[in-house]
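Since the structure comes first, as structure tokens, the remarks are kept for the end.
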Amino acid sequence: MKNFLVTVKNRLTAGWQLFIEAVSENEKKSLMIAASLLIFSILFSVTVGYAQKSVRQDELDTLVNQTIQSDHIIPFVYGESDQTIKDSPAISVMFAQPHGGSFENVLNILDTPKQEEELNRTFYYYPLVYNSSRIAEEYNIDPTKVTFVFFQKGQEKNRFVVEELSDLNTEFIPELNRLPMWRLKAKNENN
């Protein structure tokens, strides 16, 4: 075993020496190759970062956003949710995983024409799919529950959790309408 390690070490040393000699003989060509590899690596890294965001948005569009039929729900663009919340003068957001009984119940209620008529606002949907533990910690929510939060200038002003309502069919729309979004939105539209 010891002889094997010595042989491997000698071959690696010899190979390294040959590499150094080749680089020394063709310095200009070697620098061009090194620079090309560096540029390729940087471009590859940037492309992978962009592609990941694009792939995640496509997954959300295909698997989550297509199931939403209500005109009152606006899905966030992946990666822009937090900034949109911070930059908006007033915004209502639904935080929820795109599956589960409560989420399905909310969608069913919003798909009912009578309930849609009573709802006086639109709200954003923040799907808890990627980084849900970070989102839960940042916004102090339970990622397993459907939570509606109203933000004013990036600060939370009001919230309610769907699972805490005693009768979802009668309390959901009035509770959602109590969020002050519509008043602020009307004021912003007049300015």
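The values are calculated or read from the model by the stated rules, or taken from the named source; none is laboratory data. Note that the structure is predicted; figures quoted are calculated from it, not measured. A quick note on method: Cβ atoms are made from the backbone with ideal geometry, for glycine too, and the neighbour counts reach across all protein chains shown. Keep in mind that these areas ignore ligands, DNA and RNA; they rest on the heavy atoms of the full protein, side chains included. Shrake-Rupley method; radii C 1.70, N 1.55, O 1.52, S 1.80 Å.
General observations
- Count of segment 96-128 residues which are open to solvent by 60 Å² or more (accessible area, probe 1.4 Å) and either more than 17 Å from V161 (Cα to Cα) or assigned to a helix (DSSP H, G or I) (or both): 9
Residue by residue, here is whether (1) open to solvent by 30 Å² or more (accessible area, probe 1.4 Å); (2) under 25 Å from K157 (Cα atoms); (3) at pLDDT 80 or above holds:
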position	(1), (2), (3)
L38	yes, no, yes
G49	yes, no, no
K53	yes, no, no
V64	no, no, no
P75	yes, yes, yes
V93	no, yes, yes
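- Looking across segment 133-191, the residues that are polar (S, T, N, Q), over 25 Å from E104 (Cα atoms) and modelled with pLDDT under 80 come down to N188, N190, N191.
Residue-by-condition table, conditions (1) over 17 Å from the mean Cα position of the chain (by Cα); (2) farther than 14 Å from I91 by Cβ; (3) of a type in the set (D, E, K, R):
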| residue | (1), (2), (3) |
| --- | --- |
| S133 | no, yes, no |
| A136 | no, yes, no |
| T144 | no, yes, no |
| K153 | yes, no, yes |
| E156 | yes, no, yes |
| V162 | yes, yes, no |
| L165 | yes, yes, no |
| L168 | yes, yes, no |
| E175 | yes, yes, yes |
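- Scanning segment 129-158 for residues that are among the aromatic types (F, W, Y) and without any contact (Cβ under 8 Å) to a residue 60 or more places away in the chain, we see that the one that is most open to solvent (accessible area, probe 1.4 Å) is Y139.
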